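The values are calculated or read from the model by the stated rules, or taken from the named source; none is laboratory data. As the structure is a prediction and not an experimental result, all values here were calculated from the model. Here the Cβ is made from the backbone with ideal geometry for all residues, glycine too, and neighbour counts use every protein chain on show. For the accessible areas, the whole protein counts, side chains as well, though only heavy atoms, and no ligand, DNA or RNA atoms are used. Shrake-Rupley method; radii C 1.70, N 1.55, O 1.52, S 1.80 Å.
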Amino acid sequence: MAFLRTLCVVTIMVTFLSNGSHSQLSVCGTPPLNTRIVGGQDAPAGSWPWQASLHSSGSHFCGGSLINKEWVLTAAHCFSSISASNVLVYVGRLSQQGSNPNEVTRTVTQIILHPNYTRSTSDNDMCLLKLSSAVTFTNFIRPVCLAAPGSSFHAGATSWVTGWGSISSGVTLPSPQTLQEVDVPVVGNRQCNCNYGVGSITDNMICAGLSAGGKDSCQGDSGGPMVSKQGIRWIQSGVVSFGNGCAQANLPGVYARVSQYQTWINTQITSDQPGYVTFSSSGTDSDLSVSCNGLPAPAITTTAPTTTATTITAPKTIPSTKTTLATTAAPTTTTTKAAPERKWIYFPL
């Protein structure tokens, strides 16, 4: 599998947004065992210690990310017909088969869908799960940092996605079903709107993938994290949401944009709140020059003249992280988007 790494110069700002944020920032996004970066292959044990596997009726159906000792962030569309009493959450798990000595299991006491989630459009595809009891952080179990409001991920920024989903449309991950990891560059929202149909990609979404296809998340990866590394920390920019097939050319994966939801998350989690980090891409965002039929011109922000120095904030964009790799891009005859295809497999209860 080809290895792709896109360079993006960034600066990092850590924000202490609540009493709980300070404690979470001491550990979030710092996996002690993630000593190397690879793409499109098995993940080493402990590389992504916030990765969660959600099970119903004995089978994995979606992913998620641990954001503190008692809460998991995932996608709302995973829970259209599944109740809390039927969900098990595994953290610290590497393989879906065989022994996982570092994992712990919890039941779920609350499923909180974002109140503005719209199934028909996949907008606000965010969900919080409260675990039955707190987990203990180890080298294999640790929370991820969340992208703070104002974070910007320019087109081309490298992101990583992890999960146990299909390796291409209709092809399940083979035994022993080891956690997969893949790197994908961010695709700007203007370009993504041109690909999917203007108006279908909102400010609450972020896209990632290769224009040639070949790398993507897929069914079974829904709810899992997309992350980017800044300094010593991994920051979650997206939650796997939907796409048109898997790894098709000019049809990047679409993720819920994490930086839009700090207020909502902190309203639900009133103590020991997650750690938030502002991710800022430097330079000019190439997505601002993208145009297509029906796409409005980019908004131009101007600053009134002043005698003092003016700070210009980089245009807002988003990082992405994706899970399993579709190794061969399916040929496409059109880029017209049909109804969103959720990146998950439903197991009847």
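For the stretch 90-97, does any single residue satisfy the condition of being touching a Cys at 6+ places or on another chain (Cβ under 6 Å) and surrounded by fewer than 24 Cβ atoms within 10 Å (Cβ to Cβ)?
No, the stretch 90-97 has no match at all.
Pull up the stretch 239-272, narrow it to residues that are closer than 23 Å to Cys145 by Cα and assigned to a loop (DSSP other than H, G, I, E, B), then point me to the one that is most open to solvent (accessible area, probe 1.4 Å).
Here the answer is Thr270.
Name every residue in the stretch 41-52 that is touching a residue at least 40 places away in the same chain (Cβ under 8 Å) and open to solvent by 10 Å² or more (accessible area, probe 1.4 Å), in order of residue number.
Those that are touching a residue at least 40 places away in the same chain (Cβ under 8 Å) and open to solvent by 10 Å² or more (accessible area, probe 1.4 Å): Gln41, Asp42, Ala45, Gly46, Trp48.
Name every residue in the stretch 264-297 that is under 20 Å from Arg190 (Cα atoms) and out of contact with any Ser or Thr (no Cβ under 8 Å at 6 or more places or on another chain), in order of residue number.
Gly283, Thr284, Ser286, Leu288, Ser289, Val290, Ser291, Cys292, Asn293, Gly294, Leu295, Pro296
Name the single residue, out of those in the stretch 137-159 being aliphatic (A, V, I, L, M) and out of contact with any helix residue (DSSP H, G or I) (no Cβ under 9 Å at 6 or more places or on another chain), that is surrounded by the fewest Cβ atoms within 10 Å (Cβ to Cβ).
So the residue we want is Ile141.
What is the number of the single condition among (1) modelled with pLDDT of 50 or more; (2) under 25 Å from Ala155 (Cα atoms); (3) β-branched (Val, Ile, Thr) that Ile12 does not meet?
Of the numbered conditions (1) modelled with pLDDT of 50 or more; (2) under 25 Å from Ala155 (Cα atoms); (3) β-branched (Val, Ile, Thr), the odd one out for Ile12 is (1).
Limited to the stretch 112-167, what total is found for residues that are assigned to a strand (DSSP E or B) and under 23 Å from Ser47 (Cβ atoms)?
Number of matching residues: 11.
Among the candidates Gly39, Gly29, single out the residue that is out of contact with any Ser or Thr (no Cβ under 8 Å at 6 or more places or on another chain), part of a loop (DSSP other than H, G, I, E, B) and modelled with pLDDT of 90 or more.
Being out of contact with any Ser or Thr (no Cβ under 8 Å at 6 or more places or on another chain), part of a loop (DSSP other than H, G, I, E, B) and modelled with pLDDT of 90 or more holds for just one of Gly39, Gly29, which is Gly29.
Does the stretch 215-222 contain at least one residue that is in contact with a strand residue (DSSP E or B) (Cβ under 9 Å, 6 or more places away or on another chain) and farther than 28 Å from Pro31 by Cβ?
no
So which residues in the stretch 172-192 are touching a residue at least 12 places away in the same chain (Cβ under 8 Å) and farther than 19 Å from Ser281 by Cβ, if there are any at all?
Answer for the stretch 172-192, where residues must be touching a residue at least 12 places away in the same chain (Cβ under 8 Å) and farther than 19 Å from Ser281 by Cβ: Thr172, Leu173, Ser175, Pro176, Gln177, Thr178, Leu179, Gln180, Glu181, Val182.
Hey, among the residues in the stretch 99-111 that are outside any strand (DSSP E or B) and in contact with a strand residue (DSSP E or B) (Cβ under 9 Å, 6 or more places away or on another chain), which one's surrounded by the most Cβ atoms within 10 Å (Cβ to Cβ)?
Selected residue: Asn100.
Restricting attention to the stretch 53-89, report how many residues are in a strand (DSSP E or B) and either without any contact (Cβ under 8 Å) to a residue 40 or more places away in the chain or open to solvent by 10 Å² or more (accessible area, probe 1.4 Å) (or both).
Result for the stretch 53-89: 5.
What is the residue count in the stretch 39-70 for residues that are closer than 21 Å to Tyr255 by Cβ and either among the hydrophobic types (A, V, I, L, M, F, W, C) or over 19 Å from the mean Cα position of the chain (by Cα) (or both)?
9
Kindly provide the set of residues from the stretch 168-198 that are among the hydrophobic types (A, V, I, L, M, F, W, C), surrounded by fewer than 23 Cβ atoms within 10 Å (Cβ to Cβ) and not in a loop (DSSP other than H, G, I, E, B), ordered by number.
Val171, Cys194
With respect to Ser281, is the statement that it is over 22 Å from Ser80 (Cα atoms) and open to solvent by less than 10 Å² (accessible area, probe 1.4 Å) true?
Criteria met by Ser281.
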